[in-house]
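First the structure, in the form of structure tokens, and then the observations on it.
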Amino acid sequence: SHALRLLLETVGHGEHHLVCSIPADDAPLIAVLHTRPRPGAEPDVDSTQALVFSTVLAAGLATGRRGGVVLRTTTPDGHDRVRGWVLHGDWLRPLSEAEIFAAYCTDADTGEPVPPEHGVEYLAAPDLVRPPEAHGTGAHGTGADDMP
């Protein structure tokens, strides 16, 4: 839950759509979270979606599986910005602008390039400062009570 809070705080205002995907033996674990901005307040976050997202992310971090998080932000002026992180060990490593562009502009089945979406900016993701484990707010979090 701490990682989710950092993701949302770090990218700032806007409407956010987050996807966390973790490979698993039978089928990937996928969680989706959608937030809506509220003027002068924390973003509107569905607590069930936040709990599922945090759980899938925690499962990936705890198992060391190579998954990822993609965060798409729609700003009030209608522009979309896409950033991403990969699970690296037991934390998130930000993707560079080139890495997120390549991930979004490559056909997953064929590996062939596809044109970028019109009006979408592919940005380097900010680094998320990992909290000290001693404070109990590491990758394992404390639950949905910590949700924004």
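The values are calculated or read from the model by the stated rules, or taken from the named source; none is laboratory data. Predicted model, so just to flag it, every value in this text is computed and none were measured. Note that we place each Cβ from the backbone using ideal geometry, even for glycine, and neighbour counts take in every protein chain shown. These area figures cover heavy atoms from the full protein model, side chains too; ligands, DNA and RNA do not enter into them. Shrake-Rupley method; radii C 1.70, N 1.55, O 1.52, S 1.80 Å.
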So the strands (runs of 3 or more DSSP E) completely within segment 1-106 holding 1 or more residues that are exposed (fewer than 13 other Cβ atoms within 10 Å of the Cβ) are 29-38, 41-45
> What do you reckon, is ALA24 at pLDDT below 95, farther than 20 Å from VAL129 by Cα and not β-branched (Val, Ile, Thr)?
Replying inline: yes
Checked against (1) at pLDDT below 90; (2) within 14 Å of LEU128 (Cβ to Cβ), LEU95 satisfies every condition except (1)
Per the filter on segment 61-117, residues out of contact with any helix residue (DSSP H, G or I) (no Cβ under 7 Å at 6 or more places or on another chain) and of a type in the set (S, T, N, Q) are THR63, THR74, THR75, SER96, THR106, THR110
So, first residue touching a residue at least 60 places away in the same chain (Cβ under 8 Å) in segment 1-24, second residue surrounded by fewer than 19 Cβ atoms within 10 Å (Cβ to Cβ) and in a helix (DSSP H, G or I), Cβ within less than 7 Å, six or more apart or across chains; the pairs are SER1/ALA144; SER1/ASP146; HIS2/ASP146; ARG5/ASP146; ILE22/ALA59
Contact list, first residue from segment 91-105 and without any contact (Cβ under 8 Å) to a residue 40 or more places away in the chain, second anywhere and among the small types (Gly, Ala, Ser), beta-carbon distance below 6 Å, six or more apart or interchain, is PRO94/ALA125; LEU95/GLY84; LEU95/ALA125; SER96/ALA124; GLU97/ALA124; ILE100/GLY84
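Quick one: in segment 107-131, which of the residues that are open to solvent by 80 Å² or more (accessible area, probe 1.4 Å) and under 19 Å from THR74 (Cα atoms) is nearest to the chain's Cα centre (by Cα)?
Only one residue fits best here, namely GLU117.
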